[in-house]
Amino acid sequence: MNTEWIQLKAGDGTELAAYVVRPEGEPKAALVVVQEIFGVNQQIQKTAEEWASHGFLCIAPAMFDRVEKGVNLNYNQADFEKGYGLMQQFSEGLMDQTKDVKAAVDWLRSETDKPVGVVGYCFGGTMAWLSATRLKVEAAAGYYGGSIANFLNEEPQCPVILHFGVDDQYIPAEARDAIQTAHPEVPIFVYENAGHAFARGVDPTHYAAEAATLANKHTLLFFQQHFGL
């Protein structure tokens, strides 16, 4: 596979970087991979590469570029606090938080006529939900999106799959239940022995291999089904 950094331009004129991974051969479909609050760091780049290994053309937009360029944080308390602050600035500064995802979707559609989906993690998990409700994509997958419960009044315009850990210290069972009650058509998987960020492979303090493997299997099958692969 081939990787590169490109520049995107959002609908409001904001320019942002994006990490692109091209699969071997012709893409089967395409995915926007939406970051955690830590930027397009090693974990998100690795995640995009893993999805590309299944034949997807992947792009991971640097969502925080409109707040601070080149955010690439590690998994420690100081960087968590910085990333959380950047997320707050991002959210407060945008009326429509999906502008930058849309720029990535538009780029993918300029590159391929195959189906386009969104997959996101933590902050990106919520963005995947909002992409499903606000953008034109074929499918969306959200991993431990902490703010999805704040947008229950929005209706997905495409199939959505969601993943949570039983032991997530940021997302209580009540929030998961509220999502399922409001949207009974959405498959929600909850994994035992898994907390927040259980799919974060480069972070041994959060990674839960069994849950991550199973969630990724569910997501791959979901995309294959709804992309017609």
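The values are calculated or read from the model by the stated rules, or taken from the named source; none is laboratory data. These figures come from a predicted structure and were not determined experimentally. Positions of Cβ are generated from backbone atoms using ideal geometry, with glycine treated the same way; all protein chains shown enter the neighbour counts.
Any residue that is at pLDDT 95 or above, hydrophobic (A, V, I, L, M, F, W, C) and under 18 Å from L16 (Cβ atoms) - is there at least one of those in the range 87-96? There is no residue in the range 87-96 that is at pLDDT 95 or above, hydrophobic (A, V, I, L, M, F, W, C) and under 18 Å from L16 (Cβ atoms). Scan the range 177-193 for residues that are β-branched (V, I, T) and surrounded by fewer than 15 Cβ atoms within 10 Å (Cβ to Cβ) and the total you get is 1.
Return the residue satisfying two criteria in turn: it lies in the range 98-111 and is β-branched (V, I, T) and touching a residue at least 40 places away in the same chain (Cβ under 8 Å), and of such residues it is farthest from D65 (Cα to Cα). The residue in question is V105. Residue-level check: of (1) surrounded by fewer than 24 Cβ atoms within 10 Å (Cβ to Cβ); (2) over 19 Å from E138 (Cβ atoms), T47 misses just (1). Looking at A10, A104, just one residue is among the small types (G, A, S), out of contact with any Asp or Glu (no Cβ under 8 Å at 6 or more places or on another chain), surrounded by 15 or more Cβ atoms within 10 Å (Cβ to Cβ) and at negative phi, and that residue is A104. Remark: pairs (first residue in the range 112-129, touching a residue at least 24 places away in the same chain (Cβ under 8 Å) and over 19 Å from A212 (Cα atoms); second residue of a type outside the set (F, W, Y) and assigned to a helix (DSSP H, G or I); Cβ separation under 8 Å; 6+ apart in sequence or on different chains) = P115/H226; V116/V105; V116/L108; V116/R109; G117/H226; M127/M63; M127/V101; W129/I148.
Comparison of M87, M95, M63 shows that the only residue that is hydrophobic (A, V, I, L, M, F, W, C), farther than 30 Å from Q225 by Cβ and touching a residue at least 12 places away in the same chain (Cβ under 8 Å) is M87.
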